[in-house]
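The block underneath contains the structure these notes are about, expressed in structure tokens.
The values are calculated or read from the model by the stated rules, or taken from the named source; none is laboratory data. No experiment lies behind these values; they were computed from the predicted model shown. Glycine gets a Cβ as well: all are built from the backbone with ideal geometry, and neighbour counts include every protein chain shown. Surface accessibility is based on the protein's heavy atoms, side chains included, excluding ligands, DNA and RNA. Shrake-Rupley method; radii C 1.70, N 1.55, O 1.52, S 1.80 Å.
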Amino acid sequence: MKKLIYILFITTILFSVSCDKIDNPIPKNTVNVDGINWDDSLYIESNPAMRKILVEEFTGHLCTYCPDGSREIERLDSILSGQLISMSIHAGSFALVPANGAGFDANGDFIMDFTTDFRVLPAGETYYTTFGVASNPAATVSRLNNANITGLAQWEIDINAIKNDVPKVSIGLSTLYDDSTRTVKAIVNSKWLATETGNHNLQLYLVEDNVVDWQLDNSIYVQFYNHRHVFRSTLNGTWGTPIPSSNLGDTNTQEFAIILPANWSKENCIVVAHIYKSAPNYEVLQAEELHIIP
Amino acid sequence: MNITKNIVIILLSLITILSNKLSAQGIEQILSKGEVHGNFQLDMQYYKEDSLIGAQAVPEDVLMNGFANFIYTNGNFEAGVRYESYLNTMLGFPVKYKGNGIGYRYASFTNKEMKITVGNYYEQFGNGLIFRSYEERGLGYDNAMDGIRINYKITEGLHVKGIIGKQRYYFETGEGIVRGIDGELMINDFFGGSLAESKTRLTLGGSFISKYEADQSSQYNLPENVGAYAGRFILQRGKIRFDGEYAKKINDPSADNYFIYKEGEAFYIQSSYSTKGFGLTLSAKGVDNMSFRSERNASLTDLQINYLPALTKQHAYNLLATLYPYATQPNGEIAFQGELVYKFKKETILGGKYGTSLLINYSTVYNIDSTKIVGNDSLRQGYTTKIFSIGDEKYFDEINVEITKKFSPKLKGIFTYSNLMFNQAVVQGKTPQDHPDIYANIGVIDLTYKLSKKHAIRTELQGLFTKQDKQDWATFLIEYTYSPHWFVAVMDQYNYGNKKSEERIHYYFGAVGYVNGTNRIQLGYGRQRAGIFCVGGVCRNVPASNGVTLSITSSF
């Protein structure tokens with residue numbers, strides 16, 4: 001019986017030391033990764049039952065009807081409540097900075113100032129030419145039909161066609177931000193929920209929301225126009241980085257960093273991650289977005 | 001290479017110790033009691049391209065998997081190694097098996113009531129709901145422990161096992177450390193007296209397992225020590241047996257459960273009655289969030305600590321076994337199974353001259369009834385569920401009837417009918433929009449005719465009929481055996497009912513084999529259909545292939 005008591009004693013100790021019950025899954029303090037104490041960290045994981053839809057809109061500050069497209073995206077976003085991720089790519093001739101961009105009237109007052117260059121070179125222009133933008137407003141919805149560019153009347157139809165799809169891959173996206181160096185780090189975990197053939201890439205963008213600047217809107221020069229979801233940069237090249245395999249259950253982790261220029265608002269910066277089928281298909285299978293600070 | 005070096009050091013140390021203690025004659029006497037046993041298997045395939053079935057050639061032309069076990073026993077001492085060779089890994093097996101190495105090595109000794117094992121070992125607590133370390137070579141599955149195990153018989157009727165180690169991860173070990181203890185109390189033997197003679201026998205068991213893996217996440221506060229515990233019983237009286245187990249696991253966020261912190265639980269219960277010519281078994285199983293691995297981000301069949309058996313009939317006939325096999329869903333399922341075996345006596349209407357055996361098996365699997373937590377879920381519980389309540393989505397359902405009848409001293413037949421429903425979207429991870437549930441009827445006629453004492457011929461005619469997936473299939477097999485050394489077989493699996501006429505493909509296969517004692521050599525040629533191969537509810541994908549296969553097994 002002594003032996004039994006002894007074993008029960010050991011078992012009790014084993015029980016008490018070998019279980020970590022966690023009451024606060026999400027850390028609230030700074031985190032240390034790669035030897036850096038990041039000020040803030042955020043995490044989001046895609047809902048395995050919801051395919052998020054990425055709308056990549058092509059625009060330009062001198063595109064007079066493009067704001068109609070932006071307003072249509074905002075309307076669709078309000079209907080889809082969290083399922084839509086949008087991005088405005090300033091590219092093409094309407095996005096150029098004209099030689100007479102800053103204009104003054106006879107009294108020397110500002111009448112317009114289109115000196116801000118929103119273009120992202122070469123990525124934005126590459127998307128513009130590769131996807132074949134011919135007129136504006138123009139966008140591609142999750143790059144369906146080989147990244148077919150469509151007008152605003154088609155966007156809702158395309159969205160409705162895929163909004164109930166079951167995602168084939170899930171994305172876990174983390175953003176870390178260090179204010180002393182204005183460094184943003186993004187970590188993406190992907191996991192395949194179904195086996196997919198072909199090659200796939202992970203693409204990371206940095207997007208800045210609510211940038212106030214000039215915009216031509218239906219023939220009116222608007223000084224304090226609110227530019228939504230402005231494409232600022234890629235984090236991993238124009239076409240992203242390959243995901244090695246796409247069999248059910250396969251996982252992959254990739255991380256990239258970018259330093260924010262001084263004129264980008266950290267409060268408004270968002271990292272967008274999406275996984276798409278490699279060229280020539282381009283279809284975006286899943287997407288996520290996350291601010292860099294809470 | 002380190003493993004080999006360690007073994008040499010251990011053996012040299014043992015020899016040195018023995019040499020100091022014993023005379024040369026003594027050593028000779030001890031060594032003369034020793035025995036060596038072993039077995040060997042080699043599988044090799046020459047691959048050629050076959051665009052019709054999507055089979056690819058490989059750059060190496062030929063791929064090979066092989067292994068040999070060598071086990072030395074001497075009195076209370078036992079040691080063994082398994083040499084494994086993958087040059088390179090055959091298609092369908094995990095590619096991380098590559099090259100040569102010692103996949104398994106151990107030494108153990110028994111000293112009175114205690115048995116000590118160091119190195120690799122396989123072990124199971126209860127039904128395996130929280131811990132089972134085993135290998136299934138056909139799947140390329142091996143989660144052998146590498147560490148220390150102690151089996152201790154405290155007293156008559158009371159046994160305890162303690163384990164600690166890391167799990168095998170191909171030719172390495174996983175990062176996590178697994179440790180645990182299991183106790184089994186055989187009430188009748190423990191208390192003795194009149195209880196020892198009782199017809200009613202009761203065994204109680206309890207186990208605890210904990211894994212350790214460092215938290216290196218910036219996103220979450222992850223539990224570094226995750227514990228799971230289970231209790232079980234076996235109650236037996238005469239022909240009736242009743243056994244069950246319940247297991248619970250604390251918060252274990254992982255890639256499998258999308259990093260939720262909900263606790264997991266599982267149960268398994270079975271009752272059976274058997275007497276001469278009659279057997280009835282009823283069983284039920286529930287699983288909720290019970291994937292348990294020693295690394296959080298592991299996937300597929302890697303580093304699984306526990307085992308959740310599929311509560312469905314295991315099939316041998318190829319259409320039944322390989323087209324729609326069920327795989328356990330560790331995130332949640334409820335399953336029921338009943339099996340009845342009855343033997344009609346000889347010289348009765350149904351029994352005939354030689355008797356007839358009837359087996360009826362019914363199994364069904366559903367999801368668990370759960371509600372996703374929407375909105376604020378700061379504790380990351382993911383969903384709520386009532387304890388093991390049945391959901392409304394069916395994963396699998398099968399009724400299977402098998403009649404075995406001997407018609408004459410020369411002719412014997414097995415007749416099987418199966419009606420099944422298979423939720424391919426859930427079980428195989430496909431998109432539900434274009435992968436509806438499959439409803440199929442399957443029939444198998446298996447006849448063996450003994451031409452003479454040494455010559456026998458066996459045929460299988462199988463048909464699978466479904467409107468979904470790839471529609472109707474048929475398989476025909478004929479096998480000729482010339483005992484005790486030779487056999488030859490030809491098989492054709494034909495997707496004759498496929499709506500797409502270009503996919504009505506013949507998967508033909510021929511094999512010839514030679515058996516002499518424990519040596520067996522088989523040479524085959526033909527097509528292998530892409531599909532899923534499962535053993536006990538654990539599955540792997542097998543790609544299509546075409547080519548020549550060679551298989552050699554031996555033991556001594």
Q: Kindly indicate the residue of segment B:371-398 that is assigned to a strand (DSSP E or B) and within 12 Å of chain A (Cβ to nearest Cβ) and also least open to solvent (accessible area, probe 1.4 Å) among those meeting that condition.
A: B:Y383
Q) Does B:Y212 satisfy being open to solvent by 10 Å² or more (accessible area, probe 1.4 Å), more than 14 Å from every other protein chain (Cβ to nearest Cβ) and under 20 Å from A:S18 (Cβ atoms)? A) no
**Q.** Which listed residue, of B:G140, B:G162, is within 12 Å of chain A (Cβ to nearest Cβ) and either out of contact with any Asp or Glu (no Cβ under 7 Å at 6 or more places or on another chain) or open to solvent by 40 Å² or more (accessible area, probe 1.4 Å) (or both)
**A.** B:G162
Q.
I'm trying to understand the selection: among the residues of segment A:232-263, which are away from chain B (no Cβ under 14 Å), more than 19 Å from A:V284 (Cα to Cα) and surrounded by fewer than 19 Cβ atoms within 10 Å (Cβ to Cβ)?
A. A:I259, A:P261, A:A262, A:N263
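Quick check on B:K239: is it open to solvent by 30 Å² or more (accessible area, probe 1.4 Å), farther than 24 Å from B:Y366 by Cβ and not aromatic (F, W, Y)?
yes
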Q | All positions within segment B:168-192 that are more than 29 Å from B:T301 (Cβ to Cβ) and not in a strand (DSSP E or B) | A | B:I187, B:N188, B:D189, B:F190, B:F191, B:G192
Q: Quickly run through segment B:206-233 and pick out the residues that are in contact with a Lys or Arg (Cβ under 7 Å, 6 or more places away or on another chain) and part of a strand (DSSP E or B).
A: B:S210, B:V226, B:A228, B:Y229
Q: Keeping to segment B:172-213, report how many residues are acidic (D, E), in contact with a Ser or Thr (Cβ under 7 Å, 6 or more places away or on another chain) and without any contact (Cβ under 8 Å) to a residue 40 or more places away in the chain.
A: 1
(Q) When you check B:F533 against the structure, is it open to solvent by 60 Å² or more (accessible area, probe 1.4 Å), touching a residue at least 12 places away in the same chain (Cβ under 8 Å) and in contact with a helix residue (DSSP H, G or I) (Cβ under 7 Å, 6 or more places away or on another chain), yes or no? (A) yes
(Q) Can you name every one of the strands (runs of 3 or more DSSP E) wholly within segment A:113-231 that holds 1 or more residues which are more than 14 Å from chain B (Cβ to nearest Cβ), open to solvent by less than 20 Å² (accessible area, probe 1.4 Å) and at negative phi? (A) A:138-141, A:200-208, A:211-217, A:220-227
**Q.** The lone exception for B:V401 - which of (1) out of contact with any Ser or Thr (no Cβ under 9 Å at 6 or more places or on another chain); (2) surrounded by fewer than 17 Cβ atoms within 10 Å (Cβ to Cβ) it fails
**A.** (1)
Q | strands (runs of 3 or more DSSP E) contained in segment B:253-369 and holding at least 3 residues in contact with a Lys or Arg (Cβ under 8 Å, 6 or more places away or on another chain) and either surrounded by 17 or more Cβ atoms within 10 Å (Cβ to Cβ) or β-branched (V, I, T) (or both) | A | B:264-275, B:332-344
Q. Does B:G174 satisfy the criteria of being away from chain A (no Cβ under 14 Å), among the small types (G, A, S), surrounded by 17 or more Cβ atoms within 10 Å (Cβ to Cβ) and within 24 Å of the chain's Cα centre (by Cα)?
A. yes
Q. With respect to the numbered conditions (1) touching a residue at least 60 places away in the same chain (Cβ under 8 Å); (2) closer than 22 Å to A:V120 by Cα; (3) in a loop (DSSP other than H, G, I, E, B), which one is the sole condition not fulfilled by A:F256?
A. (3)
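Quick check on segment B:105-125: of everything there that is assigned to a loop (DSSP other than H, G, I, E, B) and at pLDDT 95 or above, which residue is surrounded by the most Cβ atoms within 10 Å (Cβ to Cβ)?
So, considering only residues that are assigned to a loop (DSSP other than H, G, I, E, B) and at pLDDT 95 or above, the one surrounded by the most Cβ atoms within 10 Å (Cβ to Cβ) is B:F125.
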Q. How about segment A:11-96: which strands (runs of 3 or more DSSP E) wholly inside it have at least 3 residues that are open to solvent by less than 30 Å² (accessible area, probe 1.4 Å), modelled with pLDDT of 95 or more and touching a helix residue (DSSP H, G or I) at 6+ places or on another chain (Cβ under 7 Å)?
A. A:53-59, A:84-90
Q: Would you be able to say whether some residue in segment B:182-196 is in contact with a Leu (Cβ under 7 Å, 6 or more places away or on another chain) and under 30 Å from B:G531 (Cβ atoms)?
A: no
Q. Going by the conditions given, is B:E197 in contact with a helix residue (DSSP H, G or I) (Cβ under 7 Å, 6 or more places away or on another chain) and either within 27 Å of A:S174 (Cβ to Cβ) or away from chain A (no Cβ under 12 Å) (or both)?
A. no
Q) For segment B:543-555, does any single residue satisfy the condition of being within 14 Å of chain A (Cβ to nearest Cβ) and either under 25 Å from the mean Cα position of the chain (by Cα) or over 12 Å from B:T322 (Cα atoms) (or both)? A) yes
Q: Please verify whether segment B:381-395 includes one or more residues that are hydrophobic (A, V, I, L, M, F, W, C) and at pLDDT 90 or above.
A: yes
Q. Does B:Y525 qualify as being part of a strand (DSSP E or B), without any contact (Cβ under 8 Å) to a residue 24 or more places away in the chain and not β-branched (V, I, T)?
A. no
